[in-house]
Amino acid sequence: MKVYQNMTRELMERWFSGTGWVLSPEHGDFTGKPVGFHYHDVEEWLQVTKGNVTFVSAGGMKYPLDVGDVLQIPRGEVHDVEVGPDGVDYQMWVPVAVPEEKWETKLTDEGMDLIRTNLAVPEHEDGGDAPFFDAMLSDRLTFYGVDGTVLDKKGFFGRGFVRRGRSTSGSVRVLNRTPGSLLLSTVVTVAGVGGPPQSFTNVRLFVLEESGLKCRVWANYPEPG
């Protein structure tokens with residue numbers, strides 16, 4: 001998610017006019033109510049017109065918005081919402097109209113446990129926590145490294161663990177979900193050695209096996225810049 005603080009309503013309307021995006025009404029009244037972690041299958045842009053609201057990422061990062069502030073939420077971004085007793089009004093733009101009954105997908109406690117497991121990967125990888133990865137990874141794992149190396153589970157452990165100053169973005173996106181699988185992406189930053197830090201997108205496919213959802217595919221590629 002990203003906050004913009006200097007965008008007028010007129011600019012927002014001009015930005016999206018003629019692009020095929022639609023101005024969407026608010027879906028439901030959640031004033032003073034717990035919302036819970038969820039995601040949407042479309043990208044959102046919204047601008048607060050009255051009151052205030054705070055959006056919370058899967059990793060607990062908070063994005064407070066006051067009147068005039070604009071928030072961009074990528075498709076599939078897992079987030080929660082905190083609204084005060086006075087409520088909030090906002091305008092929202094989406095690329096296609098979405099029926100209210102399909103507007104949001106709630107995440108179960110089990111789903112959020114898996115989300116948090118993904119956010120914990122950098123810490124455990126830096127710490128060489130083999131039991132953590134043995135539990136998370138499928139025995140049929142295919143791992144694709146940023147250098148093009150392709151490994152199975154045995155090869156993943158065989159390469160060893162190297163502390164590289166990894167950190168999580170605190171953000172997770174649900175790219176696709178079926179009754180038996182979950183495709184996620186997150187960004188991991190590696191501290192630079194003699195240079196600036198580098199960020200990498202990690203895409204992980206979890207497939208339902210006898211012992212639960214296990215990571216079957218894990219692919220990494222560098223973020224632009």
**Asked** Restricting attention to segment 182-198, which residues are farther than 10 Å from Gly165 by Cβ and either modelled with pLDDT of 95 or more or surrounded by 16 or more Cβ atoms within 10 Å (Cβ to Cβ) (or both)?
**Response** Leu182, Leu183, Leu184, Ser185, Thr186, Val187, Val188, Gln198
**Message:** Taking the criterion of being in a strand (DSSP E or B), under 16 Å from Pro222 (Cα atoms) and out of contact with any Phe, Trp or Tyr (no Cβ under 8 Å at 6 or more places or on another chain), would at least one residue in segment 144-162 satisfy it?
**Reply:** no
**Message:** Would you confirm whether or not segment 174-197 contains a residue that is more than 19 Å from Gly145 (Cβ to Cβ), in the same structural domain as Leu137 (by TED's automatic domain parsing), among the hydroxyl-bearing types (Ser, Thr, Tyr) and assigned to a strand (DSSP E or B)?
**Reply:** yes
**Prompt:** So, of the residues in segment 140-154 that are charged (D, E, K, R) and more than 12 Å from Phe206 (Cα to Cα), which turns out to be surrounded by the fewest Cβ atoms within 10 Å (Cβ to Cβ)?
**Reply:** Asp147
**Request:** Filter segment 207-220 down to residues that are more than 19 Å from Gly155 (Cα to Cα) and of a type outside the set (Val, Ile, Thr) and give me whichever is surrounded by the most Cβ atoms within 10 Å (Cβ to Cβ).
**Result:** Leu213
**Item:** Count - residues of segment 75-129 that are among the β-branched types (Val, Ile, Thr), surrounded by fewer than 16 Cβ atoms within 10 Å (Cβ to Cβ) and part of a strand (DSSP E or B)
**Value:** 1
**Request:** Could you grab me the full set of residues in segment 155-190 that are of a type in the set (Val, Ile, Thr) and more than 23 Å from Val207 (Cβ to Cβ)?
**Result:** Val162, Thr189, Val190
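The values are calculated or read from the model by the stated rules, or taken from the named source; none is laboratory data. Since we're looking at a predicted model, the values are computed, not measured. Cβ: placed from backbone, ideal geometry, glycine included. Neighbour counts: every protein chain shown.
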